[in-house]
Amino acid sequence: MYADGDIKNQTQAIVIGGSIAGLLAAQTLSRYFHQVIIIERDRLPNQAESRHGVPQSQHLHAFLKRGQNILEEIFPGFKAELTAAGAPLVDVTKDFQWFGWRGLHPQFSSDFSIHLCSRNLVEHLIRRRVEANPQVKFVRGMVTGFLADSQENITGVKWRVIPDTEKQTSNETEQTANLVVDASGRNSQTPKWLTAMGYVPPKETKINPFLAYATRWYEYKESLYPGVKGAMTLSQAPDKKRSAVWLVVEGNRLVITLAGIAKDYPPTDEAGFLEFAKSLRSQQVAPAGVYRYLDELITDAKPISPIYGYRNTESCRRHYEKLTKFPDGLIVMGDAFCCFNPVYGQGMTVAALEAVTLDQCLQKYVSKGVNSQLLRGFSRTFQRKLSKTVDVAWMMATGEDFRWQSTEGGKQNFIERIMQYYTDQILLTGAENPEMHQLFIEVFHLVKPPTAFFHPHVVLTVAKHWLRDVFAHKSQPSPESYPSFE
Ligand SMILES: Cc1cc2nc3c(=O)[nH]c(=O)nc-3n(C[C@H](O)[C@H](O)[C@H](O)COP(=O)(O)OP(=O)(O)OC[C@H]3O[C@@H](n4cnc5c(N)ncnc54)[C@H](O)[C@@H]3O)c2cc1C
């Protein structure tokens, strides 16, 4: 996938933000540009550590299989580095317990394996590879706006060096580039900076299901829960607003995240955290002896962190692809372009998919013989392609959010509601059928497209299961789960 591009001397790209999307963009750009400068406001640690600019790193991050596969392609040996850093390699269908709407899904051996790790480790390993790339330079600074030429195309950034001590002062300086990439995360200032230049800012679609996280880290011992390396308990509209995920990650640590949707926010004090976990017992249904309640794990494990809370979780898509006037010389990627309700664990994987799209688009421009110093029209073409790249993840994440009546920001159309109903039937079938459970997981991990749900064999299996349910009068997801049916 990553053939070497046409690296032209004297071309330069700037990336705003040295987090996961920015690092992957920089690595890709280095195939086409003489030099890539990453401007990051944080002092970047030498270890896998949290930092101020990415507060979400204190929370559990699921790293989907598709994302892990792409990183292995970009950085051969990446998975071996995860293993060397102590990230457990698990069989998702065997070592991970999935508590769905009808209790524990089947556990069985398969070849569907992934590494469990912290976000800090993923970022650290990527950064280490990018730091070793001689064409990429890191500078510490705060970008404050864009530079533009007389045609109002972007020609660089204004930025301020961040001094090492508070006593030092720094003036705003300028850095020119042929291409500027905004990878500055959810709170990207590009809409504001474009407005200041006289451009119309992109329309935003914001879907807010009012979800919050509470997360705590613990010491992990195998005896806590022999043979199990993680579990997920699902919420279910309209009344089961609570969910939880826990994973064993590198450094013999156990990370537990409690989530509450529709404003049922999990507390961040010890007693409240435990009570919230206890309230999930009714959703952890399984034959006795094959599972432990989450609150039992919390009571038995030794905490090694405070309880962290997080509420800024809405999905937000900025429609740069729809702007009729968009400057050359600028592209927007990662969470700055599209961020998701985090419960579906998609952000890092989507950042990896976006890096692949960037590579494909640049390859096309170079092979067409377009002078990469000018890159005329590239920005608009790229933003349109990028919009397609995020479509599936967006549909999956927001589709789930729309189950909740209190979700703000839009409604599903009729086709989407039918799709939702059908997807629910796959989930229900998967509670008893290992093949359907694995298929659901493969789509969830973005290794198969949702169209895999419409293979005739799948449709037939699901239809049979649905009919059996109907004749057995088994409860179906309540119609209230589909608010817009009313
Ligand atoms: C609570 C929570 C849980 C999540 N869970 C998951 C999960 O389970 N799985 C998953 O894949 N994803 C998850 N995500 C999403 C994931 O964290 C992000 O998608 C991922 O970090 C990629 O984001 P990014 O690189 O685009 O932006 P960010 O990680 O937000 O980084 C932006 C960077 O830009 C820098 N910056 C900002 N402004 C400036 C400026 N003006 N000048 C210089 N530097 C600047 C910041 O310091 C930061 O380093 C979660 C997100 C949240 C909020």
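The values are calculated or read from the model by the stated rules, or taken from the named source; none is laboratory data. Just so it is clear, the model here is predicted, and its values are computed rather than measured. Note that we place each Cβ from the backbone using ideal geometry, even for glycine, and neighbour counts take in every protein chain shown.
One table, with the values for the structure above:
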quantity: Per-region count, segment 37-55, residues near the ligand (Cβ under 7 Å from one of its atoms) and crowded, with 23+ Cβ neighbours inside 10 Å; calculated: 2
quantity: Residue check, V122 buried (at least 22 other Cβ atoms within 10 Å of the Cβ) and touching a residue at least 60 places away in the same chain (Cβ under 8 Å); calculated: yes
quantity: Enumeration of residues in segment 374-433 that are surrounded by fewer than 20 Cβ atoms within 10 Å (Cβ to Cβ), of a type in the set (A, V, I, L, M, F, W, C) and more than 24 Å from R66 (Cα to Cα); calculated: L374, F414, I415, I418
quantity: Answer residue from segment 264-321, given it is closer than 30 Å to K192 by Cβ and among the charged types (D, E, K, R) and is farthest from the chain's Cα centre (by Cα) among those; calculated: E321
quantity: Test: residue in segment 99-121 that is at pLDDT 95 or above and over 30 Å from P434 (Cα atoms); calculated: yes
quantity: Helices (runs of 4 or more DSSP H) contained in segment 1-111 and holding at least 2 residues in contact with a helix residue (DSSP H, G or I) (Cβ under 9 Å, 6 or more places away or on another chain) and over 30 Å from R311 (Cβ atoms); calculated: 20-29, 65-74, 78-84
quantity: Cβ-Cβ under 9 Å pairs, at least 6 apart or on other chains, segment 43-62 side touching a residue at least 12 places away in the same chain (Cβ under 8 Å), far side aromatic (F, W, Y) and near the ligand (Cβ under 7 Å from one of its atoms); calculated: P55/Y310; Q56/Y213; Q56/Y310; Q58/Y310; H59/Y213; H59/Y310; L60/Y213
quantity: Exclusive hit being farther than 19 Å from S118 by Cα and touching a residue at least 24 places away in the same chain (Cβ under 8 Å), set L274, L247; calculated: L274
quantity: Residue that is nearest to I37 (Cα to Cα) [pool: residues in segment 161-176 that are modelled with pLDDT under 95 and within 31 Å of the chain's Cα centre (by Cα)]; calculated: V161
quantity: Matching residues in segment 177-230 - criterion: being assigned to a loop (DSSP other than H, G, I, E, B) and among the hydroxyl-bearing types (S, T, Y); calculated: S184, S188, Y199, Y220, Y225
quantity: Residue that is in contact with a Phe, Trp or Tyr (Cβ under 9 Å, 6 or more places away or on another chain), touching a residue at least 12 places away in the same chain (Cβ under 8 Å), away from the ligand (no atom under 16 Å from the Cβ) and in the same structural domain as I14 (by TED's automatic domain parsing), where the choices are E172, E152; calculated: E152
